[in-house]
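Q: Mind looking over this structure? Questions follow.
The values are calculated or read from the model by the stated rules, or taken from the named source; none is laboratory data. Model, not experiment: these values are computed from the prediction. Quick reminder, even Gly has a Cβ in these numbers, built from the backbone with ideal geometry, and neighbours come from all protein chains shown.
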Amino acid sequence: MKKIFVTGGAGYIGSHVVKVLGEAGYEVLSYDNLSTGNRWAALYGDLVVGDLGDRPLLFDTLRRFEPDAVMHFAASIEVAESVANPLKYYRNNTLNALQLLEVVRELSIAHFIFSSTAAVYGIPETIPVAETAPLLPINPYGASKRMSEQLLADLSQAHPDSFRYVALRYFNVAGADAGGRIGQAYRNPTHLITRALKTARGLYPSLQLFGNDYPTDDGTCIRDYIHVDDLADAHLAALRYLLDGGLSDIFNCGYGHGYSVREVIDLAKKISGVDFPVVEVERREGDPPALTARSDKIKELLSWQPRHDNLEFIIRSAWQWEQKVGERLKSGA
Ligand code: UFG
């Protein structure tokens, strides 16, 4: 049985990947400091509660487990926070990736899957954006991830026979496990769909809509929302590719088309049945107007086929999860 070490395995995306790895018969070990993750979310394998900054613990855990591959999710992920507190992002994202890679090299671990982001593109000249587009991030979040991608590219170029990686550039990940066991469970969520649904539940008095004067049809930003289970499948496909000898590569993870903030809000109101208040405010710093993925590369090379390319399904699964998550968070990690 192949062994996979997952940083951030108790987090939102990491936990959905742990689920598909466990279901596919891999042996999983999660490593998570529980700063935003939850112990109950890691459905398969053991969980070591630890920080990537704790090098002795990280080294010891990896040395004992002897994984065939490392999947690296643990990171900070909020664009606005990265603008306000850039050093946090360069430490949590870039420096922690560097330290993890040093340990991975010391222990001769050959396969690495990295959570990157569409934010590395900044404001692309053409959308849907291809993997070959220039990387010109417009916020520290995107810059911190671009630097990590650079580390990976240089490392695999230096050691092509003993280190290969796949970087997956996520677009807007949303929704929850179709089985209702896990989903987004941050204590202070900032993402649009989660904020909208929590507003519908009455947890916030209103939803702020950031910017209505973008150069888009309805003036609000356009994003490519991808269901978290489809993203988890993409990781499984990337893992099989690497373990089968695939070369280092980078893939977009999105559906190739987008929805505006207004469209998302309207659907969230319809699905929840609540006409919650929306307040239109200034643009949020660091937000590109429109970001959608070209997804032909991942479909061709990794044979990835999305199962939930449907915004209604995505929001419905998130809404079902929202009804449960409050209780989960109250009961503690
Ligand atoms: N938005 C609102 N109100 C909110 C929350 C969000 O209007 O309460 C808007 C944002 O301004 C943006 C859109 O909804 O236009 C989506 O925002 P999210 O915070 O849900 O997601 P982001 O687009 O900021 O972030 C995502 C991913 C990143 C990726 C980034 C690229 O989480 O990994 O897109 O910009 F890098």
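Q: I'm trying to understand the selection: among the residues of region 259-299, which are more than 12 Å from the ligand (Cβ to nearest atom) and among the hydroxyl-bearing types (Ser, Thr, Tyr)?
A: To start, the set of residues in region 259-299 that are more than 12 Å from the ligand (Cβ to nearest atom) comprises 266-267, 269-275, 277, 294-299.
Once the filter is applied, which keeps residues that are more than 12 Å from the ligand (Cβ to nearest atom) and among the hydroxyl-bearing types (Ser, Thr, Tyr), region 259-299 yields Ser272, Ser295.
Q: Hey, does region 15-26 have a residue that's surrounded by 19 or more Cβ atoms within 10 Å (Cβ to Cβ) and farther than 15 Å from Leu239 by Cα?
A: yes
Q: From Val70, Val120, which residue is closer than 28 Å to Leu243 by Cβ, more than 16 Å from the ligand (Cβ to nearest atom) and among the hydrophobic types (A, V, I, L, M, F, W, C)?
A: Details: Val120 fails: more than 16 Å from the ligand (Cβ to nearest atom).
Sole residue among the options that is closer than 28 Å to Leu243 by Cβ, more than 16 Å from the ligand (Cβ to nearest atom) and among the hydrophobic types (A, V, I, L, M, F, W, C): Val70.
Q: Assuming Glu263 fulfils every condition listed in (1) acidic (Asp, Glu); (2) over 30 Å from Ser162 (Cα atoms); (3) buried (at least 19 other Cβ atoms within 10 Å of the Cβ) apart from one, which condition is it?
A: Going through (1) acidic (Asp, Glu); (2) over 30 Å from Ser162 (Cα atoms); (3) buried (at least 19 other Cβ atoms within 10 Å of the Cβ) one by one, Glu263 breaks only (3).
Q: Give me the strands (runs of 3 or more DSSP E) completely within region 39-131, filtered to those with at least 1 residues that are surrounded by fewer than 16 Cβ atoms within 10 Å (Cβ to Cβ), ordered by residue number.
A: Working: elements: 46-49, 69-72, 111-117.
The qualifying strands (runs of 3 or more DSSP E) are 46-49.
Q: Moving on to the next point. Select from region 252-266 the residues that are out of contact with any Phe, Trp or Tyr (no Cβ under 8 Å at 6 or more places or on another chain) and not charged (D, E, K, R) and list them in ascending order.
A: Pass one, region 252-266, residues out of contact with any Phe, Trp or Tyr (no Cβ under 8 Å at 6 or more places or on another chain): 256-257, 260, 262-263, 265-266.
Correct list: Gly256, His257, Ser260, Ile265.
Q: Among all residue pairs at least 6 apart or on different chains, which show Cβ distances below 8 Å where the first residue, located in region 183-196, is within 11 Å of Glu78 (Cα to Cα) and the second is part of a loop (DSSP other than H, G, I, E, B)?
A: Here the result reads Thr190/Glu78; His191/Gln184, each pair linking region 183-196 to a residue that is part of a loop (DSSP other than H, G, I, E, B).
Q: I'd like to check something: does region 64-75 contain any residue that is outside the structural domain of Ala290 (by TED's automatic domain parsing) and free of Cβ contacts under 8 Å to residues at least 60 places away in the same chain?
A: For region 64-75, residues outside the structural domain of Ala290 (by TED's automatic domain parsing) and free of Cβ contacts under 8 Å to residues at least 60 places away in the same chain: present.
Q: Of all residues in region 8-57, which are more than 22 Å from Leu168 (Cα to Cα) and aromatic (Phe, Trp, Tyr)?
A: Passing the criteria: Trp40, Tyr44.
Q: Need a quick list: strands (runs of 3 or more DSSP E) entirely within region 210-302 having at least 3 residues that are within 16 Å of the chain's Cα centre (by Cα). Walk me through it before giving the result.
A: Numbers: elements: 225-227, 249-253, 278-281.
Once the strands (runs of 3 or more DSSP E) in region 210-302 are filtered for at least 3 residues that are within 16 Å of the chain's Cα centre (by Cα), what remains is 225-227, 249-253.
Q: Further question on the same structure: Do we have Ser206 as among the polar types (S, T, N, Q) and within 16 Å of the chain's Cα centre (by Cα) here? If you could, list the steps in order and put the result at the bottom.
A: Numbers: among the polar types (S, T, N, Q): yes; within 16 Å of the chain's Cα centre (by Cα): no.
So Ser206 fails the test.
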